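Any read-out appearing in this document is the output of simple, stated calculations on the displayed coordinates, not a laboratory observation. Quick caveat: nothing in here was measured; it's all calculated off a predicted structure. Glycine also receives a Cβ, built like all others from the backbone with ideal geometry; neighbour counts cover every protein chain displayed.
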Amino acid sequence: MPLNADELATFTTTGVIVKRDFVSRELADRAAALVTNWYRGDMDLTQIAEYTQRTFAPDHGSHPDVLALFTRSGVVELVRELVGDFIPIATTQIQIRVPESELHNVQPDKAMHVDGVSCPHLDPTELRTFSLLVGVVLSDISDPAGGALRYVPGGHLRMADWFHTEWSLGITDQVPPYVDAEEGVSFLGRPGDVLLMHHLVPHAVGRNHTTTPRIMAYFRVSHVDHASRRLDALRDPWLDYPALTTRVR
């Protein structure tokens, strides 16, 4: 099902489209079962910080049942409508917010940030940016206190302006203070819901104060030319979105 005019207009202004019940329950349940089995049987609680920084279930990131959330669900067509030609997806980032009651140590928060810019674990001059973040919900996320992702609607435009006028490569701030101070809107959903979020939309994640793990599968999509123009794409939010150029210029 293609994106409609209202969804495209929403994306240009907020940087976000949410497609409810988009991924079939069969695909979502198969991936969720794989991750849940790892969570219950193989997760090493001493590695929570490492998992949070990189990915949970690291051996399953390229599993066919996980990649199918992107490749066999119809998501590819949605992405192509926004980005056009993109680098093939070969792996998934699985993120779980573990209930505090199951932890010996607190799972690290993720402060407001833009992915791949001034990452605390990387050289601040290194960029690991992309074009579009695709998230597929694999567990019930009905309570903001359950470690829900929080995003700043319209933040992609504000961040592009900041990157253009104030920021320079090597600065360690991930976002300007006025964005860092924002609480953001909680993304809530149920298995099969899909989040399409512009890479420049700042977002954060807090602790899980519920009894249910929050499980998301994330796919980082890069326009075929993104790697050659990372800095330009930080300053021009529509450089990697040729299909939307006529709407915003």
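What's the center-to-center distance, using Cα atoms, between the stretch 109-123 and the stretch 133-212 in Å? Answer, in whole Å: 12. When you count the other C-beta atoms within 10 angstrom of each residue and take the mean per peptide, 224-235, 116-127 line up highest first as 224-235, 116-127. Between Thr13 and His121, full extension at 0.36 nm per residue minus the direct alpha carbon distance yields a gain of 35.8 nm. For the pair the stretch 1-53 and the stretch 213-249, the centres of their Cα atoms are 18 angstrom apart.
With a Förster radius of 22 Å applied to the C-beta separation of Leu169 and Arg54, the computed FRET efficiency comes to 0.45. Here's how it looks for Phe86: its modeled amide H is under 5 Å from those of Val224, which are all 5 or more places away or on a different chain.
Dividing the summed helix terms, -39500 (n - 2.57) for each DSSP H run of n ≥ 4, by the number of residues in the chain produces a 222 nm estimate of -8000 deg cm²/dmol to the nearest 500.
Given the choices (i) 52, 36, 33; (ii) 50, 40, 30; (iii) 59, 45, 31, Cα extents along the principal axes in Å derived from the coordinates of this structure is entry (ii).
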